[in-house]
Structures are given as C-alpha cells and as structure tokens.
Amino acid sequence: MVEMLASYAAGQWYTAADEGTLVLDASTSEPVARVSTTGLDTRAMVDHARRVGGPALRRLTFQQRAAALKELATYLDANKITYHELSLATGATRRDGTGDIDGGIGTTFVFSSRAKHELPDGYLLTDGDVEPIGKGGTFVGRHVYTSLRGVVLQVNAFNFPVWGMLEKLAPAVLAGVPSIVKPATQTAYLTAAVMRDIIASGALPEGAVQFLCGGVGDLFDHLGGEDVIAFTGSASTAAVLRANDAVTARAARFNAETDSLNCSILGPDATVGTPEFDLYIKEVSREITTKAGQRCTCIRRALVPESMVDDVAAGLRARLEKVVVGNPRNETVTMGALVSLHQRDEVRDAVAALERATEIVYGDPMSVNPVDADPERGAFMAPVVLLATGDRPEPHEIEAFGPVTTLIPYAAQADLGPLAARGGGSLVGSIVSHDPGFVREVVAGAAPYHGRLLILDRDSAAESTGHGTPMPQLVHGGPGRAGGGEELGGMRAVKHFMQRTALEGSPAVIAALAGGS
Ligand code: NAP
C-alpha cells in the first residue's frame with residue numbers, strides 16, 4: 001500500500017491507521033499517497049499552539065522572527081529538487097512548479113527581508129502617530145499591534161501546495177502567532193514533503209507550525225476570538241466555514257480567498273499590429289495554460305471591443321495551437337494535466353453550462369491527444385476559448401477552473417465598469433491599453449470590484465509580472481465573490497494576525513509604552 005501521509009501534532013508525527021483517501025497522479029492515475037486524520041487529537045493541537053508555539057514565537061523579537069524565516073527559506077531552497085519532482089505528480093509542468101515552489105520560497109525571503117528593514121527589534125508595532133486628545137496636551141492616544149494569543153488555521157486549496165502554505169506562514173511567524181496548516185487532500189503529498197523539511201530545519205521554535213493532513217475533524221470547536229481561520233478555496237466551502245460557530249458565535253477571524261471571474265480588458269486603441277494587441281493575446285493564452293488554467297487569478301472573462309472579436313479569436317487560436325498538452329515529465333509538454341479526473345469532469349460540466357450562453361471558438365473540452373499519456377487515465381484537457389453570444393449571466397457567474405476563458409464583446413467604453421462588476425468582485429483585473437484617458441476611466445469604474453488591477457502596455461511589459469501572479473509586496477484578495485479577504489501586501493499582512501489596541505494616557509506613559517510623545 002502507498003504511504004500514508006503523517007500529520008505533525010503537538011510535537012510528534014502522527015500516522016492514521018485506517019486506509020484513508022487514496023490520492024492519484026494527475027497524469028497517470030498511479031497511486032501517490034494516502035491521506036487521513038482519523039484519530040488525530042485536534043484539541044491537543046490547538047492547546048499545543050497556544051501553550052507552546054505562541055509563547056515561543058513571542059519570545060522572539062520581530063528581527064529574530066525575520067532571521068528565522070530567512071533560515072527557513074534558505075533550508076527549503078537547498079532541498080527544493082525533491083519538491084519539484086513531486087510537483088510533477090500534481091499535473092504541473094516544471095515551469096508551473098517554479099511558480100509554486102520557488103514562488104513560495106521567494107515570498108518567504110521577501111517577508112523576511114521586508115521585516116528586517118521595516119519592523120522594530122521588539123514585540124509591539126505602532127500604527128500611525130500619537131493622537132492628541134486633551135486640549136491641555138496631558139492626554140493622548142496611540143494605536144499598537146500585539147500578537148494574538150491564538151492560532152492561525154490555514155486551510156489551503158489544491159492548486160498551490162507550497163506557495164499557498166508559505167504565503168500565509170511567513171506573515172503569521174512574523175506576527176508571533178503559531179499556525180496549523182491544513183493542505184488540500186489532492187496535493188497534500190507535496191505540502192507534506194515541504195512540511196517535513198520545515199520541521200527538520202529547526203528554524204522555527206517547536207509549536208510554531210503544526211500540520212493537519214486530512215479532514216479537520218472537530219478542530220473548529222476549539223477555535224475562538226484569538227484565532228484566525230485563513231481560508232483559500234472555493235466560495236461554497238468558504239460559505240460553510242464562515243457559518244461555523246467558531247466564527248459566528250465566538251468571533252474567530254475569518255479571511256477568505258475564493259474563486260473569482262477575473263476579467264482582462266482590451267482597449268479599443270490596441271488594434272492588430274500594436275504592441276498591446278500582441279501583449280493581450282500572449283497574456284490571455286498564458287493565463288489559461290499556466291497550471292492548466294487552475295489559478296484563482298486566471299483570466300476567465302476577456303472583454304474585447306465588438307469590432308475586434310474576430311481578430312482576438314484568430315490571435316488566440318494561432319497561439320494556442322502551439323500548446324503541447326501531456327505528461328509534464330516529457331520535456332516538450334507546455335501544459336500539463338488538471339489535478340484529478342474528478343476536477344477535469346467538473347471543468348467539462350462547467351463548460352457545458354457556459355455553452356448555454358456561448359459558442360466554442362477554439363478547442364474541444366471532450367477531446368485531447370496528450371503526449372506520453374493515456375487520455376483516459378490522465379486529467380488532460382485542451383485549452384478552450386468560448387465567445388459569449390448574448391447578454392446572459394453564465395460567463396459572469398460560472399468558474400470553469402481549468403484552461404478555459406470566455407470572450408465577451410463590449411460595444412462602448414461606458415459598458416466596461418458594469419461588465420467588470422458583473423463578476424461580483426474579483427481578485428485581479430487587467431487593462432491592456434496605451435491610451436491613458438481610457439485607462440483612467442476604466443480604473444475608476446473597475447477598482448472598487450478588484451483587489452488588484454494590472455495596467456499593461458508597451459512601457460511596463462518587459463518587467464510586468466503578469467495578470468495572474470500575486471506579489472508579496474501587494475494586496476492579494478478581492479471583494480465579494482473573491483472572498484472579501486486580503487493577504488500579502490507587505491508588512492500589512494503581518495498585522496492581519498495581530499490585535500490593534502488604542503492605548504490612551506499621558507504623553508509620557510504612551511511614549512514609554514509605544515514610543516513617540
Ligand atoms: P475547496 O474544495 O473549497 O477546498 C479548499 C480547502 O478547504 C481544502 O483544503 C479542503 O480540504 C478544505 N475543506 C473542504 N471542505 C471543508 C470543510 N467542511 N471543513 C474544513 N475544510 C474543508 O477548493 P479546492 O477545490 O481545493 O480549490 C479550488 C478553488 O479554490 C477554486 O474555486 C479556486 O478559484 C479557489 N482558489 C482561490 C484562491 C485565492 O487565492 N483566492 C487560490 C487558489 C484557489 P480537502 O481537500 O481535504 O477537502
């Protein structure tokens with residue numbers, strides 16, 4: 001029988017004794033690992049975090065926590081070849097794996113470095129200036145942040161088994177709050193490999209991180225007001241977890257990063273022959289083929305001027321024809337598999353639902369000829385481009401979490417704000433145009449519905465990190481459908497795991513406690 005993945009709980013590795021859930025290789029359906037938490041004592045995990053991990057982290061200053069993160073990232077970087085090999089089993093190409101693995105390690109380095117330069121060598125963060133309150137100057141206030149006394153439960157999605165963990169873990173460590181990491185079952189073996197090294201590195205004090213590899217059991221029963229649930233996944237799971245008593249009755253903080261129908265807008269100035277037209281074609285095709293379109297930030301809605309629909313469809317067709325779908329272990333493959341056959345079927349169902357409002361202009365969701373793989377045993381799917389044929393809601397509401405995008409024609413610039421908003425709130429949008437007036441108008445209408453907006457043109461293209469890539473320095477998250485949460489964004493991310501308290505008193509007392517006068 002294949003290996004049962006262990007959890008790391010209260011200072012020990014725990015392996016469930018039952019058969020658990022069998023996880024298969026995305027391209028071959030060969031067994032990779034088994035996952036179960038049957039018998040795991042989740043109360044002991046929460047207690048351990050509160051009684052051992054939290055105090056140990058809080059004994060370190062921000063500077064010491066930053067140094068620990070650097071040591072951790074360096075250790076993981078030296079061991080990453082193992083992760084890259086395992087990543088292939090998730091269906092990711094080596095290039096996809098780089099975004100997840102090197103991206104996660106790089107994010108940890110960035111958090112460490114930013115903290116080294118921006119956080120004090122102490123235990124408390126001030127926020128804003130001293131606020132004079134009394135007319136005579138004897139009574140002032142100042143906001144401070146201190147570490148929450150609870151635990152961050154990280155619930156992660158299957159598509160970023162490494163980055164998804166590290167981008168939450170790094171700010172939690174800096175905040176001085178211990179984490180319990182719960183990976184998605186489907187790709188838990190990759191997160192488990194990194195977790196084994198996190199523990200082996202000894203970079204973090206005992207209890208700073210624990211690993212719950214499988215179902216959460218009754219863990220939520222033990223969470224309350226000093227705890228944070230940092231969730232990434234589907235909107236439907238977020239809705240279930242948000243309704244738990246831990247959140248509704250005991251006020252655990254709940255941050256959600258969920259699915260979103262991100263749009264990319266082509267400006268009317270970006271006609272065939274302009275650099276922006278080429279950038280648009282490149283960006284949309286890259287988005288739907290990277291990780292086989294399984295990124296929460298992927299372009300699901302391509303908003304293009306009515307008069308340019310045929311040009312865009314032709315441009316995408318020409319580019320997507322060069323995509324080589326297949327087993328990512330083959331060097332010629334440029335797009336791997338979806339994470340599982342189940343996920344492929346879900347995407348096919350979503351495309352069928354989208355077809356009520358669209359027609360296919362490229363690709364066949366039911367047919368693919370993968371390199372070095374059996375199409376029946378691997379979760380392969382060809383890229384699919386749809387064209388909205390009317391003004392129906394489906395393209396704005398249904399997320400096909402795979403290599404799928406929908407072209408949505410717009411008639412006038414005034415339509416763009418409302419069209420972007422029909423996604424109900426998105427993680428990211430992009431505007432591809434070299435017309436500053438157009439960009440200004442669209443940003444004004446679209447910004448309230450987005451966590452991030454990329455403005456792409458000939459001037460920014462060479463250094464642009466792309467529509468789909470969240471950067472540790474900038475906000476990741478979005479309103480409404482995107483979950484209403486916020487992650488990353490530099491040192492602001494650290495404050496999400498801390499309590500802000502308004503201190504009031506005499507200038508001397510406030511200066512002694514928080515600095516300033
Ligand atoms: P999912 O089914 O919602 O699962 C997400 C996580 O929730 C997994 O760890 C899952 O564990 C866990 N979970 C499910 N039911 C639970 C419950 N009742 N109690 C506690 N935990 C529970 O999502 P997914 O299929 O893994 O990920 C794909 C979706 O995530 C897409 O819709 C995508 O758009 C979204 N996503 C969003 C972001 C973002 O940053 N906004 C990033 C990546 C993905 P198990 O796997 O063990 O069931």
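Close amide H partners of F254, meaning residues 5 or more places away or on another chain with modelled amide H under 5 Å apart, are I229.
Annotation: amide H of G429 within the under-5 Å range of R452, L453, L454, sequence separation 5 or more or interchain, hydrogens built in the peptide plane.
Given a cut-off of 24 Å, name the pairs among K70/K282; K182/K291; K116/K168; K135/K495; K168/K291 whose C-alpha atoms lie farther apart than that in the structure shown.
Working: K70/K282 35 Å; K182/K291 21 Å; K116/K168 18 Å; K135/K495 31 Å; K168/K291 21 Å.
Those over the limit are K70/K282; K135/K495.
With r defined as the distance between the Cβ atoms of A318 and A352 and R0 fixed at 30 Å, what FRET efficiency is calculated, to the nearest 0.05? Write out the running numbers ahead of the final one.
Working: r = 26 Å, r/R0 = 0.88.
Here the calculated transfer efficiency is 0.70.
The chain: D in µm²/s via Stokes-Einstein (Kirkwood Rh, Cα pairs, 10 °C, 1.306 mPa s)? Don't skip to the answer; put the middle values down first.
On the way: Rh = 24.0 Å.
Estimated via Stokes-Einstein, D reaches 66 µm²/s.
Shown in residue order for the stretch 5-17 are the 3J(HN,Hα) couplings computed by the Karplus curve 6.51 cos²θ - 1.76 cosθ + 1.60 at θ = phi - 60°: 6, 8, 9, 10, 10, 6, x, 9, 7, 10, 10, 5, 9 Hz (x for Gly and Pro).
For an R0 of 35 angstrom, estimate the FRET efficiency from the Cβ-Cβ distance between N330 and S236 and round to the nearest 0.05. Walk me through the numbers on the way to the answer.
On the way: r = 35 Å, r/R0 = 1.00.
After rounding, the FRET efficiency stands at 0.50.
The modelled label-to-label distance between E206 and M471, using points 7 Å beyond Cα along the C-beta direction, is 4.2 nm.
Between T501 and A56, residue separation times 0.36 nm minus the direct Cα-Cα distance comes to 158.0 nm. Remark: relative contact order (the chain) = 18 percent; criterion is Cα-Cα distance under 8 angstrom and separation of 6 or more residues. If I take R0 = 22 Å and measure r between the Cβ atoms of W13 and E71 in this structure, what FRET efficiency does the formula 1/(1 + (r/R0)^6) give, to the nearest 0.05? Here the calculated transfer efficiency is 0.50.
Pair-distance distribution P(r) for the stretch 262-471, from all Cα-Cα distances in 10 Å bins starting at 0: 9, 37, 37, 15, 2, 0 percent.
Under the rule that an exposed site lies in a DSSP loop and has at most 13 other Cβ atoms within 10 Å, name the longest stretch of the chain with no trypsin sites (Lys or Arg not before Pro) of that kind, not counting the sites themselves. Provide the component values of the computation, followed by the final result.
Numbers: sites that count: R59, K135, K322, R356, R458.
Longest site-free region, per DSSP loop and neighbour criteria: 136-321.
Spin-label pair T82-R422: with each label point 7 Å from Cα along the Cα-Cβ axis, the two points sit 5.0 nm from one another.
In this label model, D345 and E30 are separated by 2.4 nm, measuring between points 7 Å along each Cα→Cβ vector.
About its Cα centre, what dipole magnitude does the chain give when the only charges are +1 on Lys and Arg Cβ and -1 on Asp and Glu Cβ, stated in debye to the nearest 20? Don't skip to the answer; put the middle values down first.
Values: 45 positive and 60 negative charges, 314 e Å.
It comes to approximately 1500 debye.
Once backbone amide H atoms are built at 1.01 Å from N, V361 has V385, L386, L387 as its partners under 5 Å, excluding neighbours fewer than 5 places away on the same chain.
Phi-derived couplings, Karplus 6.51 cos²θ - 1.76 cosθ + 1.60 at θ = phi - 60°, listed residue by residue for the stretch 204-221: 10, x, 3, x, 5, 9, 10, 10, 10, 9, x, x, 7, x, 9, 3, 4, 5 Hz, with x used for Gly and Pro. Between A44 and E441, the contour length at 0.36 nm per residue exceeds the Cα-Cα span by 137.5 nm.
Between beta-carbons, use under 13 Å as the cut-off and find the net charge around V32, counting Lys and Arg +1, Asp and Glu -1. Intermediate values should be presented prior to the final figure.
On the way: positive: R34; negative: E3, D25, E30, E85.
Spelling it out: positives minus negatives among the neighbours equals -3.
Taking 13 Å as the cut-off, the amide N atoms of the stretch 127-148 that come nearer than this to a point 7 Å along the Cα-to-beta-carbon line of A511 belong to 130, 138-140. Distance from the alpha carbon centroid of the stretch 390-459 to that of the stretch 34-112 works out to 34 angstrom. Within the stretch 445-505, the GluC sites (Glu not before Pro) that combine a DSSP coil assignment with at most 14 other C-beta atoms in a 10 angstrom radius are E463. Whole-percent P(r), the stretch 184-327, all Cα pairs, 10 Å bins from 0: 9, 25, 24, 19, 16, 6, 0.
Local charge sum around G466 (other residues, Cβ-Cβ under 12 Å, Lys/Arg +1, Asp/Glu -1)?
Numbers: positive: K282, R286, R295, R452; negative: E283, E287, E463.
Local charge sum for G466: +1.
No lab work stands behind these numbers, since they all come straight from the coordinates. For clarity, every value in this text was computed on a predicted model and none was experimentally measured. Note: ideal-geometry Cβ built from the backbone for every residue, glycine included; neighbour counts use all protein chains shown.
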